Structures are given as structure tokens and as C-alpha cells.
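Just so it is clear, none of the values below were taken in a lab; they were calculated from the coordinates. Keep in mind it's a predicted model, so treat the numbers as computed, not measured. Here Cβ is always computed from backbone atoms with ideal geometry, including for glycine, and neighbour counts include all displayed protein chains.
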There are 2 protein chains.
Amino acid sequence: MKTLKDKIMKDGRVINGNILKVDSFINHQMDIKLFNEMGKEFKKRFENKEVTKILTLEVSGIGIAAITSQYFDYVPVVFAKKHTGANFVENAYEAEVYSYTKKQTYNVKVNKNFIEEKDKVLIIDDFLANGKAALGLIDIVKQAKAEIAGVGIVIEKGFQNGRRDLEDLGIDVESLAVIESFNDGKVIFK
Amino acid sequence: MKTLKDKIMKDGRVINGNILKVDSFINHQMDIKLFNEMGKEFKKRFENKEVTKILTLEVSGIGIAAITSQYFDYVPVVFAKKHTGANFVENAYEAEVYSYTKKQTYNVKVNKNFIEEKDKVLIIDDFLANGKAALGLIDIVKQAKAEIAGVGIVIEKGFQNGRRDLEDLGIDVESLAVIESFNDGKVIFK
């Protein structure tokens, strides 16, 4: 998706050689016009798929998923919770997700009422790298015996094995920008 | 806002006498059609205010703020971060927020680049009770020497002192549904 790649080239920053910071337009400040372009593009990529629900993971997926829902007939968006505390999730499906950025295992939770067996679930997230977050969400959809319509990703690190692990499960993965490598602090797209 | 109050009566649940659970349509599963109605209503309530940026707090405010931005000329949305970990916020304004629900003090952070002195900031959040979260966000806007256009809240617990503390600072507070009391597990609106 050209608009997104241009934006990454312009405002993304590569730090420590392999971390792409997109906090000025995706995951701290959010560019809602760009999110609408992304939502439209996800609809195009999953045009032939029936989608009854969008599932994402707090925190960075929420804004993208909310805007994207508007292009899928305003289907409900569910975000799996990582931080529950006193606002506990009752009656939950749970999956373990290891985060390489935070070096920590999360127990992500979704209330069982919000994914039903009849649902066709589109999973949306901001990044795909090793695929652990997406695999956790897939695990939850499978526990609910619902169908996975696909996985829609904003930025994929194409040099990690996330896509392969998802495709091995027969899942349709669509990424709006695929990074082939970081070359000396510059982003090279596939 | 009638649609919202009707939805709360229909799908909200009062637990332990004074906690209103709206997780089936606001803060775990999100009703994006309803969020659009809320965004439209915020625009109506703040019609005469210039808004250049929307500020909210992760997690529950993000979806509402993202959708609301569409009714304010797609201004950028910034969410203050509570959970930073390895994805640290560089160069940050910080404010302490005590959460009564989680019985925990958070250090909320916003990258200084994302609120500028010239900004007119609309603060959006899902709940207003004692006002600690809103006061933390106001503190951050003030550190940036920006202007506060107002505070827009989805559900206000009118029997707590959040509104009073904000209005004492001269801030315009608009809530889409104000709860007067919980009467025997039933929500009574003002």
C-alpha cells in the first residue's frame, strides 16, 4: 500500500538497527485519515471473505481495528486484554503470548460471550514479526470453534518467520507493508 | 444521548452494587456504529470549540477517540501510555494517575513531540468518576502549554466528584450519559 510505505519512509525511524518506530502515526499518535486508507485496503484484500467480527490485541491494534470495522459493515470489534487487574475478564478464553519487545509472557484473555461458534473472525494487528501475538489470537478463535477469515497486518517484518507459521496453519495473511530488511537504518520494502 | 442510555439499560450490567460493566459494547467488545453516534454527539457538544488534537488514555479511550476524530476533521489522536515496558516513550511528559478500580498509581506518558504549544486539545475518555485520569491528561496538556478545548466523556458517575474538580479548573465537561445513582442494581440517569 503506497500511502503507507511513503509515510513509513517519511516518518518512521529505525532505532538500534532493527526496531521500526512508527509512534508518530500508528501506535502513540494515530493518523486517522491513514487508518481509513488502511481500513479500505483491508476490505479490498479480504473482499471475498465473510467477516462477522474483528479481533485484535490491546493496545496498538485497537484504533486500526475500530476504523477498519467501518469498511466491514460495522462488525463488532473485540480486543483481547493483556492488562486485566481489577477489571478482570470473566468467563475467558486465554492464550499465552510471548512478547519479544517486552521480553515477557502475557496471558491474553477474551470473554467467551464475545466470540461465538458462528463467527468468521478477521484478526487485525499493527505488526507481524515472529507471529506470537497472531498465533495467540488464532488459538482463542479456535477455542471458540469459530472460523478465521484471515489475518490483516499493517507492517510485516518479512525477514522473520511469522507469516510462514501462520500460512502453515492454512491462514490467509495480508500485510499492507512488508519490510525486507533494515539496511543501515533505512527501511527496504519487499 | 438517548441511544447510549438505551444501550446501557439494555446491555450494561451493575456488579457489586456500584461497578457498571459495559464490556459488551464499549471496553472489551466495541460497537462501532454506536461509537460513530458518540463521535457525532461530541462534535455537536463542542461545536464552537476549535480542536487540533484529541488526547485519550490507553486502553478503553482509544477506539472512541479514533472514531470521534473523524467528526473533527480527522485531527490526530494521541493516547497517553500506561504500560510502557521496552516500548518506552522517549522525551515524555509524565503525570501520575491513581486508578481506584485497579488500586494502583500509573505514571502516564506522552511524547513531547505530539502535543505542541499551539494545540487545542479535546480530551476523550470512556468514564468519569473521581476524575483522576482526566486530571492527569490535563496536567500533561498544561505541561505542553497547550490549550484544553474540553473534556468529552462517554459515561459519568454523577455522584462522584470528578466533574466538580474539572469545572473548578474552568474546563468544559460534556458527558453523553450521566448516572445519578445505582438503585438496587439498576442504573438511574440524571
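Nearest 0.05, what FRET efficiency do residue A:130 and residue B:96 give at R0 = 41 Å with Cβ-Cβ as r?
Details: r = 35 Å, r/R0 = 0.84.
The calculated FRET efficiency here is 0.75.
Once you charge only the Cβ atoms, +1 for Lys and Arg and -1 for Asp and Glu, what is the size of the charge dipole of the range A:69-178 about its Cα centre, to the nearest 20 debye? Don't jump to the answer; show the numbers that get you there.
On the way: 14 positive and 17 negative charges, 89 e Å.
The calculated dipole for the range A:69-178 is roughly 420 debye.
What is chain A by shape, rounded, prolate or oblate, if you read a ≥ b ≥ c off the alpha carbon gyration tensor as root eigenvalues and call it rounded for a/c under 1.5, prolate for a/b larger than b/c, and oblate otherwise? Walk me through the numbers before you get to the answer.
Details: a/c = 1.62, a/b = 1.37, b/c = 1.18.
Prolate shape, in that a/c is at least 1.5 and a/b is the bigger ratio.
In a shell of Cβ-Cβ distance under 15 Å around residue B:9, excluding residue B:9 itself, what net charge do Lys and Arg (+1) and Asp and Glu (-1) give?
Details: positive: B:2, B:5, B:7, B:10, B:13, B:21, B:186, B:190; negative: B:6, B:11, B:31, B:180, B:184.
With Lys, Arg at +1 and Asp, Glu at -1, the neighbours total +3.
With a Förster radius of 35 Å, plug the Cβ-Cβ distance of residue B:145 and residue A:161 into 1/(1 + (r/R0)^6) and report the FRET value to the nearest 0.05.
Details: r = 47 Å, r/R0 = 1.33.
The calculated FRET efficiency here is 0.15.
When you take every Cα atom in the range A:91-186, what is the radius of gyration, and what is Dmax, the widest Cα pair distance, in Å?
When restricted to the Cα atoms of the range A:91-186, Rg and Dmax are 14.1, 48 Å.
When only alpha-carbon atoms count, how far does the protein assembly as shown stretch along each of its three principal axes, as whole angstroms with the largest first?
55, 47, 34
Which of the residue pairs A:81/B:40; A:120/B:102; A:112/B:21; A:40/B:7; A:109/B:5; A:10/B:109 have a Cα-Cα distance greater than 22 Å in the structure shown? Present the calculation step by step, with values, prior to reporting the outcome.
Working: A:81/B:40 28 Å; A:120/B:102 33 Å; A:112/B:21 15 Å; A:40/B:7 28 Å; A:109/B:5 28 Å; A:10/B:109 24 Å.
Pairs exceeding the cut-off: A:81/B:40; A:120/B:102; A:40/B:7; A:109/B:5; A:10/B:109.
Charges only on Cβ, +1 for Lys and Arg, -1 for Asp and Glu: so what's the dipole of chain A about the Cα centre, in debye to the nearest 20?
Values: 29 positive and 28 negative charges, 84 e Å.
I would put it at about 400 debye.
Placing +1 at every Lys and Arg Cβ and -1 at every Asp and Glu Cβ, with all other atoms neutral, what dipole size does the range B:1-74 have around its Cα centre, in debye to the nearest 20?
Values: 13 positive and 10 negative charges, 51 e Å.
With Lys and Arg at +1 and Asp and Glu at -1, about 240 debye.
Between residue A:19 and residue B:117, what FRET efficiency comes out of the Förster formula 1/(1 + (r/R0)^6) with R0 = 25 Å and r the beta carbon distance, rounded to 0.05? Walk me through the numbers on the way to the answer.
Working: r = 29 Å, r/R0 = 1.18.
Working from the Cβ atoms, E equals 0.25.
Go through the range B:69-135 and name the chymotrypsin sites (Phe, Trp or Tyr not before Pro) that are in a DSSP coil and have 13 or fewer other Cβ atoms within 10 Å of their Cβ. Kindly include the intermediate steps, with their values, before the conclusion.
On the way: sites: B:71, B:72, B:74, B:79, B:88, B:93, B:98, B:100, B:106, B:114, B:127; in loops: B:71, B:72, B:74, B:88, B:100.
Filter output for the range B:69-135: B:88, B:100.
Once you order the gyration tensor axes a ≥ b ≥ c over the Cα atoms, which shape class does the range A:23-135 get: rounded for a/c under 1.5, otherwise prolate or oblate by comparing a/b with b/c?
Values: a/c = 1.76, a/b = 1.20, b/c = 1.47.
Judged from the Cα gyration tensor, the range A:23-135 comes out oblate (a/c at least 1.5, b/c at or above a/b).
Taking DSSP loops as anything outside H, G, I, E and B, show the longest stretch in chain B free of GluC sites (Glu not before Pro) there with at most 16 other beta carbons within 10 Å.
Details: sites that count: B:47, B:50, B:90, B:116, B:117.
The answer is B:118-190.
Distances from residue B:189 to the same position in the other copies: list them in nm, one decimal, shortest first, using label points 7 Å from Cα along Cα→Cβ.
Here residue B:189 shows inter-copy label distances of 4.6 nm.
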